[in-house]
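To start, the structure under review is shown below, and the notes come after it.
The values are calculated or read from the model by the stated rules, or taken from the named source; none is laboratory data. Here the structure is a predicted model, which means the values were calculated and not measured. Here Cβ is always computed from backbone atoms with ideal geometry, including for glycine, and neighbour counts include all displayed protein chains.
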Amino acid sequence: MSVIYNRVALIGLGLIASSMAHAMRRDGLAGEITGTARSAESREITRELGFCDAVFDTAAEAVNGADLVVLAVPVGAMEAVAREIAPHLKPGATVTDVGSVKRAVVEAVGPHIPEGVHFVPGHPLAGTEHSGPRSGFAELFENRWCLLLPEPGTDRAAIDALAKLWRGMGANVDEMGIDHHDLVLAVTSHCPHLIAYTMVGVADDLRRVTDSEVIKYSAAGFRDFTRIAASDPTMWRDVFLNNKEATLEILGRFTEELFALQRAIRTGDGDQLHDYFTRTRAIRRGIVEAGQDTDAPDFGRGGTR
């Protein structure tokens, strides 16, 4: 595949940005890749690994001359970064992000985008429990979805070029409204993470079960909870603070379902439990059949990543 952007600037050098760099290099999608990170250690590791052609100490320097700028920082840091880079953005450039909350990002970044620069919010639905510049790998986006969330009136050519880049990195691409995105992700990602953190916390608080027993006798379900709960705490703090409405709505629905299950268990209503588990099992099968997971029991724990 040919070069789509002559210069791409990565602001933040964690899992997503480093994986983007590896994928763009693998497929020749970018002529040059620059990067920066708040942490001097991350910048030094990136220089050592060499997945960026140049690593700068500031975001203002990194975006100079860039045709595509990718904001890959926690949601809470988006506004400060947008304010810093705004005077240095190249006319005609595209700015995108990879945050898992969109309304808050649009409100934080949008006002700082200069006239003549295109803002196309994005969200690749891919990740692992690992973070930092060493965690990236080119295959992260293979057969995963990347959602683009352009505001009405956004330049169509800018949207199409960004979609082409994501497809070039192996992703499937779809477009979605911002608020609908935040509700969908509250269901599919945000609340499951909160529940995972809670379940691991419950295991820690339940003193009748020792730490060694939790670790030694973890069945598949609890292992998957601990894998999810290992995710970056700063990122998830910002997700919940910036997607309050949708998250609280889904948690309310979850609580109602949980109470219904508690009642069924208490009253010995086996039929209700069986019907409920049958329906949810069908959803799980649909996820596997859509290629968004595997039915292998060790999913997410194999390999070294």
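Here are a few things to note about the model shown:
- Where helices (runs of 4 or more DSSP H) fall entirely within region 44-132, those with at least 2 residues that are touching a Pro at 6+ places or on another chain (Cβ under 9 Å) and not assigned by TED's automatic domain parsing to the domain that holds VAL187 are at 78-85, 103-109.
- ARG38, sole failed condition from (1) modelled with pLDDT under 95; (2) surrounded by 20 or more Cβ atoms within 10 Å (Cβ to Cβ); (3) part of a loop (DSSP other than H, G, I, E, B): (2)
- If the condition is being surrounded by fewer than 24 Cβ atoms within 10 Å (Cβ to Cβ), touching a residue at least 40 places away in the same chain (Cβ under 8 Å) and not in a helix (DSSP H, G or I), then region 12-29 contributes only LEU29.
- Of all residues in region 44-60, those satisfying the criterion of being over 24 Å from ALA86 (Cβ atoms) and either aliphatic (A, V, I, L, M) or over 22 Å from the mean Cα position of the chain (by Cα) (or both) are GLU44, ILE45, ARG47, GLU48, LEU49, GLY50.
- When ALA229, ALA138, ALA158 are screened for being at pLDDT 80 or above, surrounded by 15 or more Cβ atoms within 10 Å (Cβ to Cβ) and out of contact with any strand residue (DSSP E or B) (no Cβ under 7 Å at 6 or more places or on another chain), only ALA138 passes.
- With respect to the stated conditions, GLY221 fails to be surrounded by fewer than 16 Cβ atoms within 10 Å (Cβ to Cβ), modelled with pLDDT under 80 and closer than 20 Å to TRP236 by Cβ.
- Hits in region 237-250 - residues which are exposed (fewer than 15 other Cβ atoms within 10 Å of the Cβ) and aliphatic (A, V, I, L, M): LEU241, LEU248
- Of all residues in region 287-297, those that are exposed (fewer than 10 other Cβ atoms within 10 Å of the Cβ) and at pLDDT 65 or above total 0.
- Members of region 89-102 found to be surrounded by fewer than 19 Cβ atoms within 10 Å (Cβ to Cβ) and not small (Gly, Ala, Ser), listed by number: LYS90, PRO91
- Any hit, region 150-172, residues being of a type in the set (Phe, Trp, Tyr) and within 17 Å of the chain's Cα centre (by Cα): yes
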